[in-house]
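Working notes for the structure below.
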Amino acid sequence: MSNGDPILEVSNLASGYGAAQVLLDIDFSMGVEAVAVVGRNGMGKTTLCNTIMGLVPAMDGSIKLSGEELVGKKTYQVAAQGVGYVPQGRRLFPSLSVDEHLQMLAKGTKGRRWTKDAVYELFPRLTERRKVGGAALSGGEQQMLAIGRALLLNAPLIIMDEPSEGLAPAIVDQLIETCHTLVGEGHAILLVEQNLSVATAVADRQLIMVSGRIETEMSAAELMSDADAQRRYLGVDSLEEGAA
């Protein structure tokens, strides 16, 4: 179930690479809320993100953003329709500085919640590194920049694929707080996270993927208290091990 009117509706979605099908009959919807997608490596979580973004073509099914179909649209059209994306691997331009990355998306943000200045306020480290090229940033700095770049779209839906990867604990706490703030401001957040403590801190709804399907949905409290589910679905012996 989703909260309020659906922002994202995924129905009977199938996709993959060439003849290899990865996603099988994915069904879920979400409103103004955070929803986490968790599961072992290789279960199709990143493929789901890339299919929503149009980076991987859908073989079947539907993806609707506020009632408008996304299937068949190019990635830039999906972004323009209102989807921000923090991809796994960051996908930055090595030769562009931090400021140049942000400036590309800063046009038209004046008067909106997320501007270039707001991103620098969120991540002061980026202010210090604003003239540094993407290839010279640390992993954590690259992740901050990828998140900041997505925020500049001021999009109704923000997809984050492993956003806590490479971040120091204090920045992870800031990321969690930012996600809660975004939901409070009316955004939907679809979060893919290997760090179970982050996933459950951000989202109450936990969609558990197994072999390209959403096997079950649990609340954050249910998943945190169910060691058997953590072992069966995530391959960890405890929340602490899963968050390592």
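Quick note: the coordinates plus some simple rules give every number you see, no bench work behind them. All values reported here derive from a predicted model rather than from experimental measurement. Cβ sites come from the backbone with ideal geometry, for glycine too, and all protein chains shown count toward neighbours.
Here are the numbers for this structure:
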item	result
Stokes-Einstein diffusion coefficient of the chain, Kirkwood radius over Cα pairs, 25 °C, 0.890 mPa s, in µm²/s	135
Hz values of 3J(HN,Hα) by residue in segment 183-200 - Karplus curve (6.51, -1.76, 1.60), Gly and Pro given as x	4, x, 8, x, 8, 9, 10, 9, 10, 9, 8, 7, 7, 5, 5, 6, 4, 6
Where Cα atoms sit under 16 Å apart: lysine pairs in segment 8-242 separated by 8 or more or lying on different chains	4
Alpha-carbon spread of segment 120-172, three principal axes, descending order, Å	30, 22, 20
The chain: relative contact order as a whole-number percent, Cα under 8 Å and 6+ apart	25
Most to least packed among 135-148, 189-202 [average Cβ atoms within 10 Å]	189-202, 135-148
Using alpha-carbon coordinates, inclination of helix 139-151 to the longest axis of the chain, degrees	90
Pairwise label distance in nanometres, Asp27 with Gln81, each label 7 Å out on the Cα-Cβ vector	2.1
